[in-house]
1. How much accessible area per residue does region 211-307 have, counting only protein heavy atoms and a probe of 1.4 Å, in square angstrom?
2. Quote the relative contact order of the chain in percent (integer), defining contacts as alpha-carbon pairs under 8 Å separated by 6+ residues.
3. Only loop residues by DSSP count here, and only those with at most 12 other Cβ atoms within 10 Å; note down the trypsin sites (Lys or Arg not before Pro) in region 68-113 that meet that.
4. Return one number: the angle in degrees, 0 to 90 and rounded to the nearest 10, between the long axis of the Cα atoms of helix 95-104 and the longest principal axis of the Cα atoms of the chain.
5. So, in Å, what gap is there between the alpha-carbon centers of region 303-367 and region 86-112?
6. Below 15 angstrom from the Cβ of Lys266, what's the summed charge of the other residues (Lys, Arg +1; Asp, Glu -1)?
7. The chain: percent of C-alpha pairs farther apart than 40 Å?
8. Using only Cα atoms, find the angle between the long axis of helix 289-308 and the longest principal axis of the chain, and express it within 0 to 90 degrees, rounded to the nearest 10.
Amino acid sequence: MKLDEFFQGSTKQSRYWLAREAWKQHLKVDETELRAFCERLALTSVSESLDDFRLRMNEALHSYGLKPSEPGTSSTSYDQLPYDWLAQGRNEFDAKSFRQACWDEKLFADQAPPPAKVFGVKSFEHGFDRLEARCDEVLNLLPEFSDRYMRPEFTWEKDLLPKLNAFIRSAGQKEQRLRLAMDTHLTLAFAAGTVLDTKSGKIVELEQRTRGGAAIWAADDVPVDPTWPSWTFSEFDLETGGAEVAVAVSITRTTEQQVRADLLGKPSVGRLVVASLASGASQAAVLNGAHADQLADRLANHLKDLRSGAGTAVRPELHLFMAAPYSFAFFLGRHIKVLKPVTLYEFDFDGERGGGYVPSLTMAAGT
């Protein structure tokens, strides 16, 4: 639900007011209690089988370190548990007592890490998975956007970046190993990584949506495998005489053609680097968090070497175009010290700004 819109209107002429009054009367709550209820409410149409539901349940259990249901069975250890707790008079839990109850029932997976505190950031809303329902703290940037587009009165540098920096720094001070869930533009995922850079000493877990469901990615989630798909780099002289470098990152889809079109009329950009995976672009190209971190590290090192070889006293600016999972953008942002100065771009998926890439955040060398 778009809460800000739903809670607009204070007279009978407002359809939102009429809807709220009906809900309040039915639920026997006041306006404040209704808003608290709506913040935890998600609406969707469901036409899934029991197996589909079981799959989604297992994804959620995995995210919190709990045992999945046994394959091939018609029931789970979780089915009867609420009734048992209710019979014991245990119908209220806080975070600590609920975690203890799960330990008592031996519900945690073997060698599962302790559940991390989850910090959420959103610049758009997922249809039926609101971050407030599963995060301890959420930075809500929806008011700065209209759908996927930033409102004209706001800027990435002056409005969004300070809020994001303050939120991520606060989270980093509270936890040595922290978990982030981000429903955001790639620019904000990259910017979050710049706060928790490679020198921060923090271990960060990321809740990554994949085709197989939700997964927890971290730089140390699995041992590095030398057979994982790695980069193929192609470099082109754009014959403009410009010193700046464009980087087209093609992980989830190919980007070169669109980036070339967007670079027309930018004579300051003289070179194009296309970074693609040897396995090809796809939604499943990045296998896990360790793979995403490895790819980010190798790309950052390649760009560092490329600019070092330019023979200029000042680093040429990078123009970064990405089609990638947000976790990769986060890990790449952790290398900001070797990437600045850099301008990031967002792809106009809805076609309202011409259908190409639109400049978003610029990070200058001295910032």
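The values are calculated or read from the model by the stated rules, or taken from the named source; none is laboratory data. All values reported here derive from a predicted model rather than from experimental measurement. Because the Cβ atoms are built from the backbone with ideal geometry, glycine has one as well, and the counts that use them run over all protein chains shown. Areas reflect the complete protein model, heavy atoms only, side chains present, ligands, DNA and RNA absent. Shrake-Rupley method; radii C 1.70, N 1.55, O 1.52, S 1.80 Å.
1. Accessible area per residue: 47 Å².
2. Values: 571 pairs, mean separation 49.2, N = 367.
Value for the chain: 13 percent.
3. Numbers: sites: Arg90, Lys96, Arg99, Lys106; in loops: Arg90, Lys106.
Listed in order of number, the matching sites are Lys106.
4. With both axes taken from Cα atoms, the answer is about 80 degrees.
5. Between the Cα centres of region 303-367 and region 86-112 lies a distance of 45 Å.
6. Here the charged neighbours net out to -3.
7. On the way: 15229 of 67161 pairs.
Summing the P(r) of the chain above 40 Å gives 23 percent of all pairs.
8. Between helix and principal axis, roughly 20 degrees.
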